[in-house]
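**Student:** Got a structure for you, questions after.
The values are calculated or read from the model by the stated rules, or taken from the named source; none is laboratory data. This structure is a prediction, so every number in the text was calculated from the model and none was measured. Neighbour counts are summed over all protein chains in view; Cβ atoms, including those assigned to glycine, are modelled from backbone coordinates with ideal geometry.
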Amino acid sequence: MRRIAIFAALRWECQPVLRQLRHVSKRRLETFTVWQGRADTVEVWLIKTGMGMQRAAEAARAVVDSGHFDLFVSTGCAGALAPELRPGDLVLATTVIDRATDHRYESDATTRADWQTVANRAALHAALAPELCATEILASVADKRAAAAETGAVAVDMEGAGIAACATDSGIPFALVRAILDTAADDVEASFAFINPATGDIKPLAVAARLARHPGTVTRLLTMQRQMKAADASLTRFFAAWLPTPPR
């Protein structure tokens, strides 16, 4: 039986995969939550890493030490760098670029070709293009434009390179599928101040303090909620179409 490990930073980003699994058990692997289940004839490990490249790399190393895996997958949301990408669009990474080192990790060609077919079958808009991995949130429109011009990436996340590096070092094929959350025209600096990076939970006191000073923040929060729903819906459709088909 093939075994794949799927990594997502936050609980809500794990849900599109978790909805597809059967015979699920939950446990801890070092400091990380892991769900083990089945999708057709594939054994799936779903690992919640928390936000950031370092946490993602530590989770990936812990999984490598747990046995043989045929594929590592990074998933969750991403911020758009290309202006044509909208919330809910998918990015199927051809390469993952570590912005801190400029190292580029190529994704598994067979998997991304399969994914393109899956996305088409599920009527999902998917860009086959480079993804940037940054150590800090690219919150402003200016930061996003600069990163796109510098790297040629169409989207940005904060975990992919940590997982890709570990997979590459361990000889495990790697692939990344992300759903767009915020667009290239969205300034999201305030939004991420409300999120616990380890859990993804909203910090109520931070929200209350911000709203007291800037009542208009509620509009941004409602927009972010709609964007999360769009990303969640697309990833759910993607994994519902892909996981029942055993990866090659």
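**Student:** Give just the number: which of (1) in contact (Cβ under 8 Å) with a residue 60 or more places away in the chain; (2) surrounded by fewer than 22 Cβ atoms within 10 Å (Cβ to Cβ); (3) in contact with an Asp or Glu (Cβ under 7 Å, 6 or more places away or on another chain) does Met1 not satisfy?
**Tutor:** So Met1 meets the others, but not (1).
**Student:** Just give me the residues in the range 132-157 being assigned to a helix (DSSP H, G or I) and buried (at least 24 other Cβ atoms within 10 Å of the Cβ), in sequence order.
**Tutor:** Scanning the range 132-157 gives a single hit, Lys144.
**Student:** Okay, next question. Pairs under 6 Å by beta carbon, first residue β-branched (Val, Ile, Thr) and part of a loop (DSSP other than H, G, I, E, B) in the range 158-174, partner modelled with pLDDT of 95 or more and surrounded by 22 or more Cβ atoms within 10 Å (Cβ to Cβ), six or more apart or different chains?
**Tutor:** Ile172/Phe72
**Student:** Can you find a residue in the range 67-89 that is surrounded by fewer than 17 Cβ atoms within 10 Å (Cβ to Cβ), modelled with pLDDT of 95 or more and among the β-branched types (Val, Ile, Thr)?
**Tutor:** no
**Student:** Follow-up question, since we're still on this one. Could you grab me the full set of residues in the range 86-113 that are within 19 Å of Asp70 (Cα to Cα) and without any contact (Cβ under 8 Å) to a residue 40 or more places away in the chain?
**Tutor:** Listed by number, the residues that qualify are Thr94, Thr95, Glu106, Ala109, Ala113.
**Student:** Pairs please, first residue from the range 182-193 and more than 15 Å from Ala147 (Cα to Cα), second anywhere and modelled with pLDDT of 95 or more and surrounded by fewer than 20 Cβ atoms within 10 Å (Cβ to Cβ), Cβ atoms under 9 Å, 6+ apart in sequence or on different chains.
**Tutor:** So the pair list comes out empty.
**Student:** Name the residues in the range 43-62 that are of a type in the set (Asp, Glu) and either surrounded by 18 or more Cβ atoms within 10 Å (Cβ to Cβ) or over 28 Å from Arg22 (Cβ atoms) (or both), would you? If you could, list the steps in order and put the result at the bottom.
**Tutor:** Going through the range 43-62, the residues of a type in the set (Asp, Glu) turn out to be 43, 58.
The one that is of a type in the set (Asp, Glu) and either surrounded by 18 or more Cβ atoms within 10 Å (Cβ to Cβ) or over 28 Å from Arg22 (Cβ atoms) (or both): Glu58.
**Student:** Same structure, new question: Tally up the residues in the range 36-57 that are charged (D, E, K, R) and in contact with a Ser or Thr (Cβ under 8 Å, 6 or more places away or on another chain), please.
**Tutor:** Start the filter on the range 36-57 by keeping residues that are charged (D, E, K, R), which leaves 38, 40, 43, 48, 55.
Cutting the leftovers down to in contact with a Ser or Thr (Cβ under 8 Å, 6 or more places away or on another chain) gives us 40, 48, 55.
Residues in the range 36-57 being charged (D, E, K, R) and in contact with a Ser or Thr (Cβ under 8 Å, 6 or more places away or on another chain): 3 in total.
**Student:** Could you check, for the range 9-20, whether at least one of its residues is under 20 Å from Thr236 (Cα atoms), part of a strand (DSSP E or B) and either modelled with pLDDT of 95 or more or in contact with a helix residue (DSSP H, G or I) (Cβ under 9 Å, 6 or more places away or on another chain) (or both)? Write out each step before concluding.
**Tutor:** Here is the first cut: in the range 9-20, the residues under 20 Å from Thr236 (Cα atoms) are 9-20.
Filter once more, so that each one left must be part of a strand (DSSP E or B): none.
No.
**Student:** Give me the pairs: first residue in the range 114-128 and within 15 Å of Arg86 (Cβ to Cβ) and in contact (Cβ under 8 Å) with a residue 12 or more places away in the chain, second residue assigned to a helix (DSSP H, G or I) and among the β-branched types (Val, Ile, Thr), beta-carbon distance under 7 Å, and six or more apart or on different chains, which are they?
**Tutor:** none
**Student:** For the range 6-42, which residues satisfy the criterion of being without any contact (Cβ under 8 Å) to a residue 12 or more places away in the chain and buried (at least 21 other Cβ atoms within 10 Å of the Cβ)?
**Tutor:** Once the filter is applied, which keeps residues that are without any contact (Cβ under 8 Å) to a residue 12 or more places away in the chain and buried (at least 21 other Cβ atoms within 10 Å of the Cβ), the range 6-42 yields nothing.
**Student:** What number of residues in the range 90-128 are touching a Ser or Thr at 6+ places or on another chain (Cβ under 9 Å), assigned to a loop (DSSP other than H, G, I, E, B) and closer than 22 Å to Asp143 by Cα?
**Tutor:** 3
**Student:** Identify, please: which residue in the range 14-37 is over 21 Å from Val64 (Cβ atoms) and of a type in the set (D, E, K, R) and is, among those, nearest to the chain's Cα centre (by Cα)?
**Tutor:** Residue satisfying both the conditions and the ranking: Arg19.
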